[in-house]
1. For region 127-140, name all the residues that are open to solvent by 20 Å² or more (accessible area, probe 1.4 Å) and not aliphatic (A, V, I, L, M).
2. Could you please give the count of residues in region 159-171 that are closer than 14 Å to residue 44 by Cα and loosely packed, with under 14 Cβ neighbours inside 10 Å?
3. Please work out which one of (1) open to solvent by less than 30 Å² (accessible area, probe 1.4 Å); (2) modelled with pLDDT of 95 or more is the condition residue 101 fails and give its number.
4. Test residue 156 against the stated conditions and say whether it is modelled with pLDDT of 95 or more and open to solvent by 80 Å² or more (accessible area, probe 1.4 Å).
5. Give the number of residues within region 99-143 that are aliphatic (A, V, I, L, M) and in a loop (DSSP other than H, G, I, E, B).
6. Out of the residues in region 63-77 that are open to solvent by 30 Å² or more (accessible area, probe 1.4 Å) and assigned to a strand (DSSP E or B), which is farthest from residue 154 (Cα to Cα)?
7. Is it fair to say residue 80 is within 24 Å of residue 179 (Cβ to Cβ), buried (at least 17 other Cβ atoms within 10 Å of the Cβ) and of a type in the set (Gly, Ala, Ser)?
8. Considering 89, 25, 114, which residue is under 21 Å from residue 145 (Cβ atoms), surrounded by fewer than 19 Cβ atoms within 10 Å (Cβ to Cβ) and at pLDDT 95 or above?
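The values are calculated or read from the model by the stated rules, or taken from the named source; none is laboratory data. Quantities reported herein were computed from a predicted structural model and do not represent experimental measurements. Note that each Cβ is placed from the backbone with ideal geometry, even for glycine, and that neighbours are counted across all protein chains shown. What goes into the accessible areas is simple: the full protein's heavy atoms, side chains included, and nothing from ligands, DNA or RNA. Shrake-Rupley method; radii C 1.70, N 1.55, O 1.52, S 1.80 Å.
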Amino acid sequence: MSLHTIIKIALTNIALCASFHVQATTFSNEFNSGELGYLGAIGVVTYGETFTSPGGVLNDFTLYASSGYGTSNYGTGYIGFGIAAWDGTKAVGPALYTSAPMPYSGKNAAFEATGLNLALPLNKEYVAYLTVAGIENPVYFIRPQGSNNNGGLTGNHVYSNAKDPLNASQPWGVDKTVYMRFTANFTNNTIPIPEPETYAMLLAGLGIVGFAGRRRLKSA
């Protein structure tokens with residue numbers, strides 16, 4: 001076996017020991033609890049879903065509407081999507097994510113916040129929300145989809161009529177009987193503890209490299 005091959009084996013073993021383990025996890029609940037109340041110009045200003053972080057990086061979060069009108073004459077209205085810390089009673093600014101106004105013309109819709117790359121510490125609380133606060137040409141109304149389970153993320157459906165959801169002087173309302181339908185994708189980045197066999201492979205590889213190096217020096 002050549003010294004070059006031996007070194008490649010050893011370096012591969014070292015890389016295995018130092019590599020990160022990436023685990024993608026999707027949390028999602030199903031649309032099985034009817035439509036929620038009106039959200040928009042003729043309804044509640046902000047609807048949200050709180051959640052406790054499982055730790056890792058939040059890559060995207062989606063909330064769903066079942067029906068509604070973009071405008072009163074069936075045109076296109078707009079709505080915002082935000083993610084912020086949650087103090088147990090209300091959202092806390094500044095927002096961790098704020099979308100550009102999202103268009104809505106009616107019927108079913110998925111409001112997606114993608115490419116977030118938000119590192120959220122384990123067991124901290126957050127809220128993902130749809131709002132017409134501060135939105136020009138806000139949607140006339142939408143009816144978010146409801147679910148009877150939390151999709152694996154501890155939290156609640158919450159709502160607020162504050163003009164600014166991040167500076168509400170009063171606690172948000174909480175509905176503990178139903179959840180907003182959502183999909184959230186996390187990537188958990190952890191350094192695994194190598195198995196004993198991996199340590200043995202690493203030591204063996206380093207030993208071979210050292211032995212080969214000594215033989216080359218003697219023969220030189």
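1. Correct list: 134, 136, 137, 138, 140.
2. 1
3. Single failed check for residue 101: (1).
4. In short, no.
5. Of the residues in region 99-143, 7 are aliphatic (A, V, I, L, M) and in a loop (DSSP other than H, G, I, E, B).
6. Filtering region 63-77 for residues open to solvent by 30 Å² or more (accessible area, probe 1.4 Å) gives 64, 67, 69, 71-74, 76.
Now restrict to residues that are assigned to a strand (DSSP E or B): 64, 67, 69.
Values: 64: 18, 67: 26, 69: 31 Å.
The selected residue is 69.
7. For residue 80, the condition - within 24 Å of residue 179 (Cβ to Cβ), buried (at least 17 other Cβ atoms within 10 Å of the Cβ) and of a type in the set (Gly, Ala, Ser) - is met.
8. Numbers: 89 fails: under 21 Å from residue 145 (Cβ atoms); 25 fails: under 21 Å from residue 145 (Cβ atoms).
Sole residue among the options that is under 21 Å from residue 145 (Cβ atoms), surrounded by fewer than 19 Cβ atoms within 10 Å (Cβ to Cβ) and at pLDDT 95 or above: 114.
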